[in-house]
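Visitor: My questions all concern the structure below.
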Amino acid sequence: MNTLLQVWPIPAFDDNYIWCIHDGKSALVVDPGDATPVLKYLADSRLHLKGILITHHHADHVGGILRLLNELGADISVYGPRGDNIPGRTQLVKEGDVLEISAPRLTLKAFEVPGHTLSHIAYFANMQANVIEPMLFCGDTLFASGCGRLFEGTPTQMSQSLEKFKSLPKNTLVYCTHEYTLSNIRFALAVEPNNENLISWSERAKELRDKNLPTLPTTIGQELQVNPFMRCDQAEVIQSAKARSGQAVLPDSAHVLAVIRAWKDQF
């Protein structure tokens with residue numbers, strides 16, 4: 001009988017979540033920027049770390065890898081994107097790769113999603129015997145009500161990356177790696193002040209944070225309703241981007257995204 005997988009947020013730094021996927025015995029962690037809270041959670045939960053999933057090379061996502069390997073065993077698999085210097089990486093991951101992980105038992109499909117960084121990847125688990133709803137581990141590409149800053153990639157790349165996510169099942173649980181939701185919502189309301197779904201979500205998100213609870217995971221369906229970067233084809237988002245840029249015509253969603261991402265950077 002398959003044990004249902006659990007996904008738990010391990011808080012790190014000021015606003016990071018290191019996601020731990022486990023079956024009660026074996027565990028994977030996603031983007032462990034800091035080893036200390038991971039080691040504590042694993043010990044407290046009596047879990048054995050079997051693998052590490054890395055989405056991109058930024059220090060707050062990879063900084064804890066080597067200590068985890070040193071303290072828990074060098075035989076732990078480390079999956080990460082090609083083209084980056086990921087400490088301890090044992091397996092390069094690229095678009096379309098399917099990772100068959102034996103413990104905890106999980107099948108993941110990789111997507112290349114450049115934008116935040118050029119070689120950023122995301123991991124998608126569809127419904128399986130021990131996975132009730134699809135899951136997406138997307139690093140800093142997609143956030144609740146926002147998207148990652150374009151440090152290396154272009155607006156067109158980010159737009160194309162988000163299109164990949166838009167095609168996933170709407171009930172896909174989205175596990176991004178920062179608690180940026182309230183600030184993202186404030187910006188989203190500047191872009192779409194009349195979005196009733198967004199107004200309602202703003203109230204719920206504030207209630208969660210007032211109780212020191214995560215606003216994550218979100219879902220693809222939710223983001224399609226409240227996230228301006230996933231809604232660059234919607235009339236109010238387009239109109240706000242035109243007003244911001246002073247341009248009468250924005251040819252496509254990538255141009256709209258370029259305007260609102262630059263706006264967000266200064267918001």
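The values are calculated or read from the model by the stated rules, or taken from the named source; none is laboratory data. Keep in mind it's a predicted model, so treat the numbers as computed, not measured. Quick reminder, even Gly has a Cβ in these numbers, built from the backbone with ideal geometry, and neighbours come from all protein chains shown. Calculation scope for accessible area: heavy atoms of the full protein, side chains included, ligands and nucleic acids excluded. Shrake-Rupley method; radii C 1.70, N 1.55, O 1.52, S 1.80 Å.
Visitor: Could you check, for the stretch 4-15, whether at least one of its residues is within 21 Å of HIS178 (Cα to Cα) and among the charged types (D, E, K, R)?
Guide: So far as the stretch 4-15 goes, yes, one or more of its residues are within 21 Å of HIS178 (Cα to Cα) and among the charged types (D, E, K, R).
Visitor: Is at least one residue of the stretch 207-219 of a type outside the set (Lys, Arg), over 21 Å from ASP15 (Cβ atoms) and surrounded by 20 or more Cβ atoms within 10 Å (Cβ to Cβ)?
Guide: Within the stretch 207-219, none of the residues are of a type outside the set (Lys, Arg), over 21 Å from ASP15 (Cβ atoms) and surrounded by 20 or more Cβ atoms within 10 Å (Cβ to Cβ).
Visitor: Please go through the stretch 202-229 and pick out each residue that is farther than 20 Å from ASN171 by Cβ and not in a helix (DSSP H, G or I).
Guide: LYS211, ASN212, LEU213
Visitor: Just the residues that are assigned to a helix (DSSP H, G or I) and touching a Lys or Arg at 6+ places or on another chain (Cβ under 7 Å), please, taken from the stretch 230-256.
Guide: Those that are assigned to a helix (DSSP H, G or I) and touching a Lys or Arg at 6+ places or on another chain (Cβ under 7 Å): MET230, VAL237.
Visitor: Out of all the residues in the stretch 29-46, is one or more of a type in the set (Gly, Ala, Ser) and at pLDDT below 95?
Guide: no
Visitor: Something else: Look at the stretch 117-129 and say how many of its residues are open to solvent by less than 10 Å² (accessible area, probe 1.4 Å) and outside any strand (DSSP E or B).
Guide: Going through the stretch 117-129 one residue at a time, the tally reaches 2.
Visitor: Would you say LEU208 is touching a residue at least 24 places away in the same chain (Cβ under 8 Å) and not acidic (Asp, Glu)?
Guide: So LEU208 does not fit the description; no.
Visitor: Okay, next question. Give me a count of the residues in the stretch 148-201 that are among the polar types (S, T, N, Q), surrounded by 19 or more Cβ atoms within 10 Å (Cβ to Cβ) and assigned to a helix (DSSP H, G or I).
Guide: Result for the stretch 148-201: 5.
Visitor: How many of the residues in the stretch 239-255 are open to solvent by less than 80 Å² (accessible area, probe 1.4 Å) and either within 19 Å of THR154 (Cα to Cα) or of a type in the set (D, E, K, R) (or both)?
Guide: Looking only at that region, the number is 7.
Visitor: Next question. If a residue must be farther than 17 Å from LEU5 by Cβ and either without any contact (Cβ under 8 Å) to a residue 24 or more places away in the chain or basic (Lys, Arg) (or both), how many such residues does the stretch 20-46 contain?
Guide: 3
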